[in-house]
Amino acid sequence: MTWEGEEYPPSKVLGPIMSKMPSGLLGMLSLLFAGACVTSIMGSAALQQEPGAMSDGSWVKWYYILGSFGGPLAWGTHVAAWIQRKNGM
């Protein structure tokens, strides 16, 4: 699929699920994912300040690792929201 000569791609590049989602919802999901990423970074940074945390790895928590995936997901849903907005959704 190409969109040569167009400023933006068609909605179907987003796949069967996200191509049907409105841009407002994708924007809100992007904010949610960004918030999860920022929260996990701040929480991890606070735990690194504990005495001995860097030597024994006690600052590494599974929920902070999971939250760190929010950054790429926020970027992807932000781009998807832009595509949907440009396509009138």
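The values are calculated or read from the model by the stated rules, or taken from the named source; none is laboratory data. Everything numeric in this text was worked out from a predicted model, so none of it was measured. All Cβ positions, glycine included, derive from the backbone under ideal geometry; neighbour counts span all protein chains shown. Calculation scope for accessible area: heavy atoms of the full protein, side chains included, ligands and nucleic acids excluded. Shrake-Rupley method; radii C 1.70, N 1.55, O 1.52, S 1.80 Å.
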- prompt: Right, residue 81: at pLDDT 90 or above and open to solvent by less than 30 Å² (accessible area, probe 1.4 Å) or not?
  reply: yes
query: In the stretch 47-89, what count of residues is obtained for those that are more than 22 Å from residue 11 (Cα to Cα), within 22 Å of the chain's Cα centre (by Cα) and part of a helix (DSSP H, G or I)?
result: 9
field: Scope the stretch 31-46; condition of a type in the set (A, V, I, L, M) and touching a helix residue (DSSP H, G or I) at 6+ places or on another chain (Cβ under 6 Å); matching residues
entry: 34, 36
task: Just one of (1) surrounded by 15 or more Cβ atoms within 10 Å (Cβ to Cβ); (2) within 20 Å of residue 78 (Cβ to Cβ) trips up residue 64, so point out which.
output: (2)
field: Candidate set: the stretch 37-61, residues that are open to solvent by less than 100 Å² (accessible area, probe 1.4 Å) and among the hydroxyl-bearing types (Ser, Thr, Tyr); chosen: the one farthest from residue 18 (Cα to Cα)
entry: 58
message: Among the listed residues 74, 34, identify the single one that is touching a Cys at 6+ places or on another chain (Cβ under 9 Å) and surrounded by 15 or more Cβ atoms within 10 Å (Cβ to Cβ).
response: 74
